[in-house]
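Below is one structure, written out as structure tokens; the observations come after it.
Every number here is computed from the coordinates shown, using simple stated rules; none is lab data. Just so it is clear, the model here is predicted, and its values are computed rather than measured. Cβ placement follows ideal geometry from the backbone for every residue including glycine, while neighbour counts extend to all protein chains displayed.
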Amino acid sequence: MSTAPSGSGTVAVLLAAGEGRRFGTLKQLAPVAGEPMVGRVARTLLDLGCPLLVVTGAGGDAVAAALTGLPAHCVSNPDWREGLGASLGAGIRAVRECFPDARAALVCLADHPLLDARGLQGMLDRHAQAPDLIIAGDHAGRPGPPVLFPADCFPELAAWRGAQGAQAWLRQQGARVERVPLDVTDVDTPADLERVQRQLAQTRERAGTR
């Protein structure tokens, strides 16, 4: 783990440890609008002004190299083969170690390349208004990443293991969880990446006609 400054309100945690089995290769490194997908999402998070921890695993050196020049601190998860839950636990443990005064963690996935800083900033603003809420992306009526977890969630999440993320746990939290509309398009397959590329190209074309 690289050295990170201590003390922060909200810490961004980017989970980028998977091997991309369905994608066929490390999807974190797949090019999106001319840059590796992990770098694109990392830049979006850094635009929020939060410190950023990136949890790496499969192809860790290559993923770290894709972040060269960005003020992101890589956290190696030796248990990445267990799955998303193990990476979530590793990320939250790193928050507690590097930022012991953190009041929240904004956990995002590296395969959500269409996330935008405006929507994520809305989560931070909502947290400032209601610091006890868990604020999550809306996945067709279900809560899911990105998720902003208040610090009182850290002890349980730091012990997270295995393949499952926190979706089932989020559903158990009931009214404490507030869902917000975000573009949470997953890139799980090459076909998903092609759709994202087309969407971005159309967005650029529309911007160019104004």
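General remarks:
- Extension gain, A33 to R81, is 14.4 nm, computed as 0.36 nm per intervening residue step minus the present C-alpha separation.
- Contact order relative to length of the chain, as percent, for alpha carbon pairs under 8 angstrom and 6 or more apart: 25 percent
- Mean Cβ count within 10 Å, highest first, over the residues of peptides 103-109, 181-187: 103-109, 181-187
- In sequence order, calculated HN-Hα J values of the range 142-157 (Karplus, 6.51, -1.76, 1.60; Hz; x Gly/Pro): 10, x, x, x, x, 9, 9, 9, x, 5, 5, 7, 4, x, 6, 5
- For the chain, complete DSSP H runs whose alpha carbons reach 15 Å or more along their own long axis and whose mean Kyte-Doolittle score is 0.0 or higher are 84-98.
- In the range 8-91, Rg over Rh equals 0.95, where Rg is the alpha-carbon radius of gyration and Rh the Kirkwood radius from pairwise Cα distances.
- Cα-centred dipole magnitude for the chain, charges only on beta-carbon of K, R (+1) and D, E (-1), debye, nearest 20: 320 debye
- With the simple model of a label 7 Å out from the Cα in the direction of the Cβ, A117 to A130 spans 2.6 nm.
- Distance cut-off 16 Å, percentage of C-alpha pairs in the range 55-94 lying past it: 33 percent
- For the chain, the mean projected area of the C-alpha convex hull, equal to one quarter of the hull surface, is 11.5 nm².
- The label point for R22 and the one for T68, both projected 7 Å from the Cα toward the Cβ, are 3.2 nm apart.
- Long-range HN-HN contacts of A33 with modeled amide H, under 5 Å: none
- Estimated D of the range 97-210 in µm² per second, where Rh is the Kirkwood radius over Cα pairs and Stokes-Einstein applies at 10 °C, 1.306 mPa s: 101 µm²/s
- Where only DSSP H runs of four or more residues are counted, the chain gives -10500 deg cm²/dmol as its mean residue ellipticity at 222 nm, each run worth -39500 (n - 2.57).
- Amide H contacts of G162: A86, each under 5 Å away and 5 or more positions distant or on a separate chain (H built 1.01 Å from N in the peptide plane; Pro and chain starts excluded).
- Amide H to amide H distances under 5 Å link D111 with no residue, where only residues 5 or more positions off or on other chains count and H is placed in the peptide plane.
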